[in-house]
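The values are calculated or read from the model by the stated rules, or taken from the named source; none is laboratory data. Bear in mind the structure is a predicted one, so any value in this text is a computation, not a measurement. For neighbour counting, all protein chains shown are included, and Cβ atoms are generated from backbone atoms with ideal geometry for every residue, glycine included.
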Amino acid sequence: GAEVDSLDVKAQTPLFMAVSNGHGECVKVLLDAGASPAGSIYNNCSPLLIAARDGDVDILRQLLDHGAEANVQARLPEWAANSATCSGPLYLAAVYGHLQCFKMLLLYGADPDYNCTEERVIAQVKEPKTLLETCLRHGCSSEFIKLLIDFGANVYLPDVPVDKRAPRSEGLELLLQARAHPRSLMSQSRLAMRRLLKQSGRPHALGELEIPAVLEKYLQHQP
């Protein structure tokens, strides 16, 4: 009979605490009992941000399956607006090196440019940093760069100075190659299909389509 979304003195819900402590079974029980995957509106953080930061892919999947928003932002005051577009779960997964979480967020519809779909939020930032730029500046592995490109990131957005005399990282080479060569028709078709599913509100429903297994794997970015 306990209230599933009751708050403690820090406006933290039981689900938030279960995610913070990595208790996957508790997370499942709470979500099945109707706990909000978004946590409390009175808390600056959300369960999804915690799971992305900690790299717990199973908990992250549970939250996303129960409707957590892959483009959620930390709730910041107006004076901290410049940090708003760098506070999404993709940024956290990248900076902390959690590749599986990073890919899962993209599969569930996370925006590969700013991890934000609110133009108003992006417009408030004087010089918003794209995920591509963030990954390059933090020295993330080239796998992060490849995923962003494969999921449709705008390769012309990042303001990345290129010194022809300096050695280039593998990630930067991937970005420059993507700028020099147009996407293949297969890649564009995959992006179009995933975009349509996202618009319908079901970005992860590819498994329900009656299509050949090899095509389903390609659409799911599986080898």
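For first residues located in region 176-191 and over 19 Å from GLN220 (Cβ atoms), partners that are modelled with pLDDT of 90 or more and surrounded by 10 or more Cβ atoms within 10 Å (Cβ to Cβ) and lie 6+ apart or on another chain with Cβ distances below 6 Å form the pairs ALA178/ILE149; ALA178/VAL155; ARG179/VAL155. Of the set (1) in a helix (DSSP H, G or I); (2) of a type in the set (S, T, N, Q); (3) surrounded by 15 or more Cβ atoms within 10 Å (Cβ to Cβ), all apply to GLN177 but (3).
Consider region 127-154 and keep the residues that are among the charged types (D, E, K, R) and assigned to a loop (DSSP other than H, G, I, E, B). The one that is modelled with the lowest pLDDT is GLU127. On the stretch given as region 3-45, residues that are closer than 13 Å to ASP56 by Cα and assigned to a loop (DSSP other than H, G, I, E, B) total 3. So which residues in region 189-223 are part of a loop (DSSP other than H, G, I, E, B) and among the acidic types (Asp, Glu)? Selection gives GLU210 alone. Among the residues of region 186-194, at least one is surrounded by 13 or more Cβ atoms within 10 Å (Cβ to Cβ) and either on the phi > 0 side of the Ramachandran plot or at pLDDT below 90 (or both).
Looking across region 196-223, the residues that are touching a residue at least 24 places away in the same chain (Cβ under 8 Å) and within 16 Å of the chain's Cα centre (by Cα) come down to LYS198, PRO203, HIS204, GLN220, HIS221. For region 102-126, residues that are over 18 Å from GLY67 (Cβ atoms), at pLDDT 90 or above and over 8 Å from the mean Cα position of the chain (by Cα) total 2.
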